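Written below as C-alpha cells is the structure these notes are about.
Nothing in this text is a laboratory measurement; each read-out follows from the coordinates by a stated rule. Fair warning: this is a prediction, and the values are worked out from it, not measured in the lab. Cβ atoms come from the backbone with ideal geometry, glycine included; neighbour counts cover every protein chain shown.
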Amino acid sequence: MAKCPIREIAIKASRDQIPLLLIGGYAVLAHGYVRATDDLDLIASHGQRERWSKLLVGFGMTIKNDAATFLQFDPPDKSSMAVDLMFVSEEVFVKLEQNAVETEIEGVRVRVVALLHLIALKCHAFEHSKSIRRLKDIDDLIQLILINKLNLNDPELRATIVKHGSLETYEKLRHACVED
Amino acid sequence: MKNYDMLASKIENVLHDSADLEFPDWNGMRPHRSRMTFEEAVRWNDEMLSQFPAKNKPPHLEAERRCDTEFIL
C-alpha cells in the first residue's frame, strides 16, 4: 500500500526552511471532502524548484516528468506515494501562503491552501485539463461547495469561478449544487 | 482533522484575492496509477477516515446516502 510520505517531507522541509503548501487531494481532504488520493500534490514558487527537487531526491524519489511549470516524482518503491510539485510565481505563492490554513496530519503541522484558493486551482485544472481527471476536479468542486456551504450567489465567489474556470463552469456548478 | 471551522473562517479573507491569482499552464502532467489489493484498499480507506473524518454534510446529501428499499429477510 502506498504510504504518504508527508510526515517525513514536512519535517525535512521545516528543517531546511522550505515552505510546504498542500494542494490537490490532501487539500480536498483537509477541507472536508473525504475521498481517496494516490499522490501528494505540493505547490511552490519557481525559486524553490531546486531546493524542493533536492529534498525529494533525498528521499529516494526519481523525476518522472520534468516541465517548466511542474515536476513529477515517482516514489522509491511501491510502499511510498508519488509526489507532484507545481510551480507558480513568487507573487502568487506569497498570496497562497499568506491565506493558507494550518492543520495536522500524522502528528505534524502542515499548511494547506485556503478553501477559496483550492476552488480557484480546481477551476483552473478543470478548465485547462484535457484528461479524464477533469471529472475528479468537477466532483471535488461540487463537494467542496456543498460541504462547506459556500454561497454561489456571492459575487466574489462567482468572479473566482468565472476567472479561473468559465461562465459555463459556474452555471454547471450552480445547477449541480442546487439545494433541494 | 479537527480544524474545519477554523478553515471555513478564512473564507472571507481569501475571497478578496482569489480572482487576482494567475496560474500557469500545468498541462502535460501524467497521472500516477497505483494498484492495490482489496485488503490494502480497505486498510488505506480506514487510515484515511481516521485522519480525515467526514464533515457533517447538508441534509440533502445525507438523505442521498439512505436506502429507500426495504429488505425483508
query = Hey, with R₀ at 35 Å, roughly what FRET efficiency would residue A:166 and residue A:94 work out to, going by the Cβ-Cβ distance, to 0.05?
reply = 0.85
message = Output the 0 to 90 degree angle, nearest 10, between the alpha-carbon long axis of helix A:115-128 and the longest principal axis computed from the alpha carbons of chain A.
response = 90
note = Helix A:134-147: inclination vs chain A longest Cα principal axis, degrees, rounded to 10, gives 70
task = Work out, in µm²/s and without decimals, the Stokes-Einstein translational diffusion coefficient of the stretch A:44-87 at 4 °C, 1.567 mPa s, Rh from Kirkwood over C-alpha pairs.
result = 125
ask   = Pairs A:12/A:122; A:12/A:130; A:95/A:130; A:78/A:172: which are spaced more than 31 Å apart, C-alpha to C-alpha?
value = A:12/A:130; A:78/A:172
task = Per residue of the stretch A:167-174, in order, report the coupling 6.51 cos²θ - 1.76 cosθ + 1.60 (Karplus, θ = phi - 60°) as ³J(HN,Hα) in whole Hz, putting x for Gly and Pro.
result = 4, 5, 5, 4, 5, 4, 5, 4
message = With only alpha-carbon pairs counted, each pair once and no self-pairs, how large is the Kirkwood hydrodynamic radius of chain A in angstroms?
response = 16.9
task = Enumerate the amide H contacts of residue A:64 below 5 Å, restricted to partners 5 or more residues apart or on another chain; note that Pro and chain-start residues carry no placed amide H.
result = A:72, A:73, A:74
query = If you add up the charges near residue A:140, with Lys and Arg at +1 and Asp and Glu at -1, over every other residue whose beta carbon is less than 11 angstrom from its beta carbon, what do you get?
reply = +3
key: Tilt relative to chain A, helix A:6-15 - C-alpha long axis, 0 to 90 degrees, to 10   = 70
request  = Give the long-range amide H neighbours of residue A:40: residues separated by 5 or more places, or on another chain, with amide H under 5 Å away, using H modelled in the peptide plane at 1.01 Å from N.
outcome  = A:82, A:83, A:84
